[in-house]
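Read the figures in this text as sums done on the coordinates, not as results from a lab. All values reported here derive from a predicted model rather than from experimental measurement. Cβ atoms come from the backbone with ideal geometry, glycine included; neighbour counts cover every protein chain shown.
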Amino acid sequence: MSKATDPDGFNAALSKWRATRDGYAGMGGVLGEALAYAMDGGGKMVRPKLCVISASAVLPDWSKDNSATSAWRKDLVVAAAIAVEMIHSYSLIHDDLPCMDNDDMRRGRPTLHKAYGEATALLAGDALLTDSFAIIAAVPVPPEHAADAMACIRELATAAGGEGMVLGQAQDLANAAGSMQDSGSALKILEQIHRLKTGALLGAACALGAAAAGGSKKVIDAFRFAGVQIGVAFQVMDDLLDDSPNTGKTKGKDAAEGKQTYLNLLGRSAGLELVQGLTSEALQGLKEVGILTPDFEEFAAALCRRKF
């Protein structure tokens, strides 16, 4: 990330993020410990980074303006960045549970239910989900700009709920159960799963940043589309990395379970071409509305260069 965005933008969001984690750790008891464990897992922070980069494209100086009339925008962008990562963390906790994907490893360490038990993991996920909306709602937005905060809450709720990420997880469970038959149908269903389970939240991350920075509907829509496309590309890369030791997850788990993935349906070469195509579509959409920045382009491209 360039100096223009990183020191005054994302680092500011990370400082607030650290304060939030410290607050959870200070709660005491096993739930507080579990929340701190979940939020300090060394993730790539893809979603908050996309949120901040998108906000910077709409309002380049959002992190520097401390005037009484617009300082609240800084708080709203930071809250949105924190909230979208909290939603992501909650989704990983629940996805890893035995009743879902039943994973033992995440980011190179035991999953939360392995470390703290299934009941505590379930409650930790519930806390992160609900607290994410509270963080945005707590920002003191001027009444005349209340629609911006409401747009952020609506964006996050739509992406995370029964028409977005949750529906994607339900369809992913069906995929794991082997409901797909021919490869043509499998590819269509797999893309739908990725658009819902991963793309929806990355789309929301971009749209949240644009909305918090005061972007128009046209700009917010363009960022949402870009985020969804990048999200699908990101998940395709995850599929292609299933047999890699570099993911921090159980190597070859999808293959061992007979799960349909882009790796076994397309192969690595065609899968990489798809990743490049989806990323190009994302960037072209932003270019068409005149809002594509070098920071966004650089970050999107970097997501396609993960090592096998």
Neighbourhood net charge (12 Å Cβ-Cβ; Lys/Arg +1, Asp/Glu -1) for LEU278: -2
Counting all C-alpha pairs of the chain, share separated by more than 32 Å (%): 24
Dipole in debye (nearest 20) - the range 6-303, about Cα centre, beta carbon charges: Lys, Arg +1; Asp, Glu -1: 200
At least 15 Å along the helix axis (C-alpha) and Kyte average at least 1.0, DSSP helices within the chain: 29-39, 46-58, 118-137, 200-212
Inter-label distance, nm, simple model (7 Å from Cα along the C-beta direction), LEU31/MET100: 1.9
Segments 275-284, 220-229, 233-242 sorted - mean Cβ within 10 Å per residue, highest first: 220-229, 233-242, 275-284
Over the range 6-303, relative contact order from alpha-carbon pairs under 8 Å, at least 6 apart, %: 20
Amide hydrogen neighbours beyond the local backbone of MET105, cut-off 5 Å, H modeled: THR111, THR250
Listed peptides 73-86, 191-204 by packing density, highest first (mean Cβ within 10 Å): 73-86, 191-204
The range 10-161 - charge dipole about Cα centre, Lys and Arg +1 at Cβ, Asp and Glu -1, debye rounded to 20: 440
Positive-end residue of MET86, LEU283, LEU31, charge dipole of the chain with Cβ unit charges: LEU283
